[in-house]
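The values are calculated or read from the model by the stated rules, or taken from the named source; none is laboratory data. Being a predicted model, the structure only gives us computed values, none of them experimental. FYI the Cβ positions are ideal-geometry reconstructions off the backbone, even for glycines, and counts take in every protein chain you see. Remember, those area values only see protein heavy atoms, side chains included, never the ligands or the DNA or RNA. Shrake-Rupley method; radii C 1.70, N 1.55, O 1.52, S 1.80 Å.
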Amino acid sequence: MKQIIEKSGFNIHSIKFLYQRDVIGNIDWEWRMNGIVGARGTGKTTLLLQKLKKLQKEGKEVLYVRLDDLFFTENNVYEMADSFRKNGGQYLYLDEVHKYEGWARELKNIYDSMPALKVVFSGSSIIELSKQKIDLSRRALMYEMVGLSFREYMIMTGVLEFPVLLLEDILDNHRNIVSDIITDIPVLKYFKNYLKSGFYPYFLEPNRDYLSTLEQVIRTVVEVDLRHIEDFNIANSKKMLTLLRILAASTPFKPNISKISQKVELHRHTVLHYLQYLDKAKLLRLLNEANRYISRLQKPDKIFLDNPNLFYALNPEMVNIGSLRETFALNQLSVKHEVFLHKRADFFVDNKYVIEIGGRNKETKQIKDLENAFLFVDDIEIGDKNRIPLWLLGFLY
C-alpha cells in the first residue's frame, strides 16, 4: 500500500495544467461513482491527475491508482480502497480498469459499502457496462472523452481562444463567425497540421515523434487492450493490423466483407466481429443509413477511420484527400450529433440536416433541391450562403 501511495503522489505532483479538457457531458465530480471511457491517448489519465491535484491543494485526501499495477497480482481493489478509506481517504481515482479482471464486481462492492468515498474510474472505449456480469448502470454515471477538436488544438497550441459553437449557429451565421476567427490567423495552415497530427495531445511533447507514437498506440490497442474483450482471439492481432491498413488505403467505402476476409485470411463472421471491436476501440467508425438496424453479423453500409490522423499513421503513402475530409467531418459531427449516411449526399445529421463534403471547386448542384442541405468546403477561409468552410466543423466541441 505504501508503494501505491508513493506512486500516486509522484504522478499527481508531476502533472501540469497547460489546458484542462472537458468530457462529453457535465460531469458531477461529487457523485459517488463516475466512469470515464475513451480511446487510448485522448487524455483520460491527464484529466484524472489534474482533478486530483486540484483536490489535493484544497486539502482533500486523494489517491490515484492504475489497475494494471503489479500490486494487484497479490492484492485486490476492494481491500486497497477500504484501507485508503480507513486512513481518511476521500477521493479514489482508478485508471485502466478494463485491465483488472472482475473490476465491475469490486467497484459495485466499494460503492455499496463505502458511501463516503468518491470514486472515479477510467478505461478503454471497449468497455461495455451492459456486458458485465455485475450491473453498474444504477451506480456509476458514465462519460466519454474524445480526441481533440480543431478548436481545442488551436487553444492548446496557443493560437486562438474561442468558445464552442452550435451546429445551428454555424449553418445560419458562418460568415460572421469566421470573420471573428481568421483575423491575422492562417487558419488553413493550422487545419492541415491538425488533420495530420492534432487529434491526440502528443504534439505537446516536443521531443516525441507524433506519428510513431500513434502507430505504437494502434498496436497496443490491438495487441493488448482488445484481449480484454470476451471471445477475442489474441492470435489474430496481426491480421487485425493488416485489416486496418487495408481499410486505411480505401476508406470510406462500402465494404465487400467476402473480399476483405480473403485478404486477411479470416472467416467472414470473424471479420464482422472484429470490425465491431475496432469501432468500439475508436479506430474505425461504422456508419449506416437512417432507420436501418444492423445486427452484429451484418455488414455496415460504410466504413470510415475514426479520425484523420490515423491515415498518416496507418498508410501515409496513400492518404486520399477526399477520404480525409469526410473522416474529419464525421469525427467532429458525431461527438454531439446523430449522424447517418444520406442517399444523395455524404451525411444526414439529426434527421434534419443534409451535409455534403468537398474541395474548393465543388459546387452545390448535387444538393440544390434538398431541404436543409449544406456544402462544407475545404481550402477556403470564408464561405457564402450554404457553402461553409470545412474547418469550422472543428469548433463543435
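A few remarks follow.
- Based on Cα atoms of the range 189-302, Rg over Rh with Rh as the Kirkwood radius reads 1.00.
- Divided by 2.2 N^0.38 Å, where N counts the residues, the Cα radius of gyration of the range 253-335 comes to 1.10.
- Size of electric dipole in the range 199-250: Cβ of Lys, Arg +1 and of Asp, Glu -1, about Cα centre, debye, nearest 20: 200
- The range 203-314, accessible surface, carbon-and-sulfur percent (1.4 angstrom probe): 44
- For the chain, DSSP calls about 30 percent of its internal beta bridges antiparallel.
- Cut-off 19 Å (backbone N to label point 7 Å along Cα→Cβ of S113), residues of the range 73-98: 73-94
- Relative contact order of the range 219-305: 30 percent, from C-alpha pairs under 8 Å at least 6 residues apart in sequence.
- Dividing the radius of gyration of the alpha carbons in the range 251-397 by their Kirkwood radius gives 0.98 for Rg/Rh.
- Coarse-grained scattering of the range 353-397 at q = 0.17, 0.22 Å⁻¹, given as base-10 log I(q)/I(0) from a Debye sum over alpha-carbon atoms: -0.42, -0.69
- Cα centroid separation, the range 34-78 to the range 344-383 (Å): 43
- For the range 1-156, the carbon plus sulfur part of the accessible surface works out to 47%, probe radius 1.4 Å.
- With the helix formula -39500 (n - 2.57) applied to DSSP H stretches of n ≥ 4, the chain reaches a computed 222 nm mean residue ellipticity of -11500 deg cm²/dmol.
- Heavy-atom accessible surface of the range 159-226, averaged per residue, reaches 51 Å², computed with a 1.4 Å probe.
- Prolate/oblate/rounded label for the range 99-216 (Cα gyration tensor, a/c 1.5): prolate
- P(r) weight above 16 Å for the range 138-188, C-alpha pairs, percent: 55
- Dipole axis of the range 129-223 (+1 Lys, Arg; -1 Asp, Glu on Cβ), positive-most option in L141, L211, P163: L141
- Extended-chain gain in nm, criterion 0.36 nm per residue less alpha-carbon gap, L204 and E61: 48.5 nm
- If you wrap the range 60-126 in the convex hull of its Cα atoms and look at it from every side, the mean projected area works out to 4.3 nm².
- Relative to one another, the C-alpha centroids of the range 246-315 and the range 149-172 are positioned 30 Å apart.
- Fluctuation leader among I303, I367, I126 - the chain, Gaussian network, Cα springs under 10 angstrom: I367
- Calculated diffusion of the chain, Stokes-Einstein form, Kirkwood radius summed over Cα pairs, 25 °C and 0.890 mPa s, µm²/s: 109
- Solvent-accessible area per residue, Å², over the range 1-119 with all protein chains present [probe radius 1.4 Å]: 50
- Judged by the ratio a/c of the largest to the smallest principal axis of the C-alpha gyration tensor, the range 1-135 counts as rounded, that ratio being less than 1.5.
- Amide H contacts of E289 (H built 1.01 Å from N, under 5 Å, at least 5 apart or other chain): D301, L341
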